[in-house]
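What follows is a set of notes on a single structure, which appears directly below.
The values are calculated or read from the model by the stated rules, or taken from the named source; none is laboratory data. It should be emphasised that the depicted structure is a prediction, and the values quoted were computed from it without experimental measurement. Counting neighbours? That spans all protein chains shown, and the Cβs are built from the backbone with ideal geometry, glycine included. The accessibility values were calculated without ligands, DNA or RNA, using every heavy atom of the protein model including side chains. Shrake-Rupley method; radii C 1.70, N 1.55, O 1.52, S 1.80 Å.
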Amino acid sequence: MLAATLLTAPALAASSATAERPATFTLDNGLQVVVIPDHRTPVATQMIWYKVGSADETPGKSGLAHFLEHLMFKGTKAHPAGEFSQSVVRSGGNENAFTSRDYTAYYQSVPRDKLESMMAFEADRMTGLVLKDENVLPERDVVLEEYNMRVANSPEARLGEQIMAALYLNNPYGRPVIGWRSEIEKLNREDALAFYKRFYAPNNATLVIAGDVTVQDIRPAIEATYGKIPAQPGIPAKRIRPQEPPPAGPRTVTLADPRVEQPSLQRYYLVPSALTAAHGESEALEVLAQLLGSGSNAYLYRALVVDKPLAVSAGAWYQGTSIDETQFAISASPKPGVTFAQLEQVIESTIAKVADHPIPAEDLERAKTQLIAEAVYARDSQSTLARWFGGAVTVGLTVDNIQNWPDRIRAVTAQQVSDAAKKLLDNKRSVTGYLIKDEARKREEKRS
């Protein structure tokens, strides 16, 4: 599956609430390991994260990372297709996988006493995958059907796809994670195997074990399974990708579709990620997104939905956990009779107010408290903890980055938030997408 929601930095705060500090170590073959003890229930979650996503694909082969994710369930010489999944089901556990721009991950949540067998299965398919045309080509059809369901039949998803392509002129983040349909149709067994052999190796992976374990108990089993897999010496230590040129001016995308029932506006700004930002800048963007667009007290919601009112909804978000420059997004859906220009005028005046006037201390503290509290409340999910740590470590952050995130959020000042709004929410750095109903096409379809 695709990663429907990318990891967000606020989630990293939850790690501070775990009973024991996560332990980390690296095997001789380069596999990074994070062990997160959580003894509340006799359950454990294993996640293996590969440092390869859609942004690492060869040009012209978009969708290959996601396609290989599907194919990883086709079995190995030691374990035929279905055996791994059936073992998870028989144990009463669950499994899944997901692909994003920077990583591909696979996980199982099972009773603690089944963890070692899951590790043996997962270690086996790190290098033992067997692919044949008779199972590769039908799976490609499955991916194409997923594309139809998620993108082709969703005007909102199609608009998002086009906005990303316009936001990134040079960086591969502009490619859809699922791929362009015309390129998915051409993917084959040889493409998948070459990609697999190139990127799937212990020195290109992070193993996260969360649950009723200790590092002392589980490390021997990790070494006995994953530790036997040889490293792939051809994998570079650092991923180097084409970077974006400085944005020269605002861009717009308009998508008209007869299926649209509610027009909407989405504006994406190109902004630094947690890895590329200056000191304190990523945290300021987190707080800015909370102030502008999270909840009924958010500035954009009040300005557009409550005070005017011009919109039926309004929000904002920031995706901090990315290797390269990332996105800060604002969305709003107009009420009948309201133009996009009216929405944009209020959006821009609200941003200008944050940039040019001191943020009330009460608002700032509320936003910071909400960010940390939301993450703490979410810590009850063992698999979510594994996702947060795995995603962060896989893109290049450290356990210390994760642990001290709440303190960095608490340290954000009103001036830092204003500076981020002024510097980074500049229209020159943006792409604005308009989703509208295609009335002419709708009339044609009715006549036919």
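Rounded to the nearest 20 Debye, what is the dipole magnitude of the chain about its Cα centre when Lys and Arg each give +1 and Asp and Glu each give -1 at the C-beta?
640 debye
What does the net charge come to around Tyr196 if you take all other residues with beta carbon closer than 12 Å to its beta carbon, with K and R at +1 and D and E at -1?
+2
So for the chain, averaging the separation of alpha carbon pairs under 8 Å that are six or more residues apart and normalising by length, what relative contact order in percent results?
25 percent
With axes computed from alpha carbons, what is the tilt in degrees of helix 382-395 against the longest principal axis of the chain, rounded to the nearest 10 within 0 to 90?
Around 80 degrees separate the two axes.
Can you tell me the orientation of helix 189-199 relative to the chain, as the angle in degrees between its alpha-carbon axis and the longest Cα principal axis, to the nearest 10?
Roughly 90 degrees, rounded to the nearest 10.
Using θ = phi - 60° and the Karplus form 6.51 cos²θ - 1.76 cosθ + 1.60, what ³J(HN,Hα) does each residue of segment 86-103 get, whole Hz, x for Gly and Pro?
For segment 86-103, the Karplus-derived couplings read 5, 5, 5, 5, 4, 7, x, x, 9, 9, 5, 8, 7, 10, 9, 6, 10, 7 Hz, x marking Gly and Pro.
Give me the net charge for the shell around Val151: Cβ to Cβ below 9 angstrom, other residues only, Lys and Arg +1, Asp and Glu -1.
+1
Segment 187-234 to segment 109-169: how many Å between their Cα centroids?
So the two Cα centres are separated by 18 Å.
For Lys423, list the lysines whose Cα falls under 19 Å from its own Cα; do not include residues on the same chain fewer than 8 positions away.
Lys353
Select from segment 178-249 those GluC sites (Glu not before Pro) which occupy a DSSP coil region and have at most 13 other Cβ atoms within 10 Å, ordered by residue number.
none
With no solvent and one point per C-alpha, what does the Debye sum give as log10 I(q)/I(0) for segment 285-350 at q = 0.18, 0.22, 0.28 Å⁻¹?
The Cα Debye sum returns log10 ratios of -0.62, -0.84, -1.17.
Which of rounded, prolate or oblate describes segment 215-338 when judged by the alpha-carbon gyration tensor and an a/c cut-off of 1.5?
Because a/c hits 1.5 or more and a/b exceeds b/c, segment 215-338 counts as prolate.
As I understand it, the value is the acute angle between the Cα axis of helix 281-293 and the longest principal axis of the Cα atoms of the chain; what does it come to in degrees, rounded to 10?
60 degrees
Starting with the highest mean, order 50-59, 252-261, 423-432 by the number of other Cβ atoms within 10 Å, averaged over the residues of each peptide.
50-59, 423-432, 252-261
State, as an integer percentage, the relative contact order of segment 274-354 based on alpha-carbon contacts under 8 Å between residues 6 or more apart.
27 percent
What is the packing order of peptides 33-46, 142-155, taking the mean over residues of other C-beta atoms within 10 Å and listing the highest first?
In decreasing order of mean packing, 33-46, 142-155 become 33-46, 142-155.
Before anything else, pin down the relative contact order of segment 343-448: Cα pairs under 8 Å, at least 6 apart, normalised by residue count, whole percent.
47 percent
For the full complex of protein chains and a 1.4 angstrom probe, list Phe121, Phe389 by accessible area with the highest value first.
Result, largest first: Phe121, Phe389.
Identify, among Pro250, Ile222, Pro272, the residue whose Cα sits farthest towards the positive end of the charge dipole of segment 208-281, taking +1 on the Cβ of Lys and Arg and -1 on the Cβ of Asp and Glu, with the dipole about the Cα centre.
Pro250
Once a ≥ b ≥ c are taken as the square roots of the eigenvalues of the Cα gyration tensor of segment 365-411, is the result rounded (a/c under 1.5), prolate (a/b larger than b/c) or oblate (a/b not larger than b/c)?
Oblate, since a/c reaches 1.5 and b/c is not below a/b.
Which one, Asn203, Met118, Val52, is farthest towards the positive end of the dipole of the chain when Lys and Arg carry +1 and Asp and Glu -1 on their Cβ?
It is Val52, whose Cα lies furthest towards the positive end.
So which of Lys368/Lys422; Lys61/Lys238; Lys77/Lys228; Lys51/Lys368; Lys335/Lys428 end up more than 25 Å apart, counting from Cα to Cα?
Among Lys368/Lys422; Lys61/Lys238; Lys77/Lys228; Lys51/Lys368; Lys335/Lys428, the Cα-Cα distance tops 25 Å for Lys51/Lys368; Lys335/Lys428.
Across 5 Å bins from 0, what is the distribution of all Cα-Cα pair distances for segment 72-196, in whole percents?
Once binned at 5 Å, the Cα pair distances of segment 72-196 give 2, 9, 15, 19, 18, 15, 11, 8, 3, 0.
Could you look at the chain and say what percent of its accessible area is carbon and sulfur, using a 1.4 Å probe and all protein chains?
After summing per-atom areas, the C and S share lands at 52 percent.
Pick out, in residue order, every one of the GluC sites (Glu not before Pro) in segment 69-113 that is DSSP loop and has at most 15 other C-beta atoms within 10 Å; say none if there are none.
Qualifying residues, ordered by number: none.
Where a ≥ b ≥ c are the square roots of the eigenvalues of the C-alpha gyration tensor, would you call the chain rounded, which needs a/c under 1.5, or, failing that, prolate if a/b is larger than b/c, or oblate?
It is oblate, given that a/c is not under 1.5 and a/b is not larger than b/c.
Give the residue list of GluC sites (Glu not before Pro) in segment 270-315 that are DSSP loop and have at most 15 other beta-carbon atoms within 10 angstrom.
Nothing satisfies the criteria.
Net charge around Ser282, counting only other residues with Cβ within less than 12 Å of its Cβ (Lys, Arg = +1; Asp, Glu = -1)?
-3
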